[in-house]
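A quick write-up on the structure given underneath.
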Amino acid sequence: MLNEVNEQFRDSTTRYIKNLMTQSEAIRKQFEPSFYEALEFGRPQPFEEGKDNSGIYGLERIYEDRAVLTPYFGCASYCRYCFKKTRTLAGTAKLMSEENMEQAIDYIRRDPRINTALITGGDPMAQPKRVFKLLEELTAIPHITKIRIGTRHILFQPERITEELAERIASYNHVDYQNPLNSKNISVGVSINHIDELQPEVIAAIHRFTKRGVSVRGQMVLLKGINDTVTDLKNLLDHLLIIGVTPYYLFHCMDVIGTYHMRTSVQKGLDLLAQLTEFSGTYAVPYVYVTPVGKHRVSPGHTLDYEMIDGKRFIRTRSPYKASRFKAFSGKSVLPALHDEDEKGFIVSRYLDGNDTPIRY
Ligand code: SF4
């Protein structure tokens, strides 16, 4: 079964991560291929970010005000739970060409409703020159005020986040005191799932951004047997806050192929957050699960509504998204599978739940 997994998905990490894997179970489980990945489970693309819905390869849009650019699908290390694993770990996606990047910039320039650009991957910081080029072009567009860079490179190769690189990224930040809406905010979204990832080198790399006014936001994925206890999450959130990283989202692990063993129930995350609220308001990190129409936020106190389909348990909810909007911005004429429209035009979504049966790695 492991051979099968290795034929389908690459197993590659940096020397830095390899070393941490020998010291931390939580890190080893995130990067080491597991025979569980060969179980028949999951969808190839649970969320189509990076797919060419706009008609331009590498440019995605499902919200009115945000465009997502995916210049590069490679990463310096490959996380087994990656929701894009059929492109990142499978190595099937090509780079955005120069022409694609120009078309994408032109698309964004022509639509003043777009004020946010997310540069994601793969890991865009594995190819910083492409990020600089996009920052150059995007900050020249008057209606683009917020640019986010999604990365784990800070963790994979912290030494590559040099003072010069951080300085260059920070140089695109601009606060206009007279006309605040003319400001440009560049932020870095880093995925950190466990306290063991916050090594001194990683904290120093994060600090190279924060000391220059580049906000760093922490995203976490709830992973079974890795960070699914109150102690793990509290410890991580405490550390993030203390080193100046704003906890941004706690994601439920998506139902991508090969993640059966890593997915808790959605309720488990709610229970953990309910226990964290005892400590202080700072633990009110948004907890979301994602379906092809976007994020769905659930908070402690929320009662989940279940629906059984073909013997599997799904969470059914009326999403905050209108079907008409989704179709307009995604370029799709029909809603994705397991989604339909209610009488008020909102999308009703169904999301495959996980389970809390312990797994032995
Ligand atoms: S760094 Fe991000 S894109 Fe790359 S494998 Fe990990 S989760 Fe996926």
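The values are calculated or read from the model by the stated rules, or taken from the named source; none is laboratory data. What you see is a predicted model; the values in this text were computed from it and never measured. Cβ coordinates were reconstructed from backbone atoms using ideal geometry, including for glycine residues, and neighbour counts include every protein chain displayed. To get the accessible areas, we keep the full protein, side chains included, count just its heavy atoms, and leave off ligands, DNA and RNA. Shrake-Rupley method; radii C 1.70, N 1.55, O 1.52, S 1.80 Å.
What number, in nm² with one decimal, is the all-direction average of the projected area of the convex hull of the alpha-carbon atoms of the stretch 229-327? List each step's numbers first, then the result.
Numbers: hull surface 32.8 nm².
Dividing the Cα hull surface by four gives the mean projection, 8.2 nm².
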| message | Not counting ligands, DNA or RNA, and with a 1.4 Å probe, what is CYS75's accessible surface area in Å² rounded to the nearest 10? | response | 30 Å²
| message | I need the Kirkwood Rh of the stretch 230-284: take the reciprocal of the average 1/r across all distinct C-alpha pairs and report it in angstrom. | response | 12.4 Å
| message | Just to confirm, what accessible area per residue do you get for the chain at 1.4 Å probe, in whole Å²? | response | 44 Å²
| In percent, what relative contact order does the chain have, based on Cα pairs under 8 Å that are 6 or more apart in sequence? | 16 percent
| field | Alpha carbon convex hull of the stretch 111-187, volume per residue in cubic angstrom | value | 87 Å³
| Carbon plus sulfur fraction of accessible area for the stretch 2-301, probe 1.4 Å, in percent | 50 percent
| field | Neighbour net charge for THR162 - beta-carbon separation under 11 angstrom, K R +1, D E -1 | value | -1
| Ordering VAL175, VAL202 from largest to smallest accessible area (1.4 angstrom probe), what's the sequence? | VAL175, VAL202
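Using +1 on the beta carbon of Lys and Arg, -1 on that of Asp and Glu, and nothing else charged, what's the dipole of the chain about the Cα centre, debye to 20? Walk me through the numbers before you get to the answer.
Working: 47 positive and 44 negative charges, 78 e Å.
That gives a dipole near 380 debye.
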| HN-Hα J in Hz across the stretch 37-42 - Karplus 6.51, -1.76, 1.60, θ = phi - 60°, x for Gly and Pro | 5, 7, 4, 6, 7, x
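If you take all C-alpha pairs in the chain, what percent of them are over 34 Å apart?
Values: 15447 of 64980 pairs.
In whole percent, the long-distance tail amounts to 24.
When DSSP beta bridges are limited to those with both residues in the stretch 20-158, what percentage is antiparallel, rounded to the nearest 5? Show your work: numbers first, answer last.
On the way: 3 of 11 bridges.
Of those bridges, close to 25 percent are antiparallel.
Based on the Cβ-Cβ distance from PHE35 to ALA274, what FRET efficiency comes out when R0 is 30 Å, to the nearest 0.05? Intermediate values should be presented prior to the final figure.
Numbers: r = 34 Å, r/R0 = 1.13.
After rounding to 0.05, the efficiency reads 0.30.
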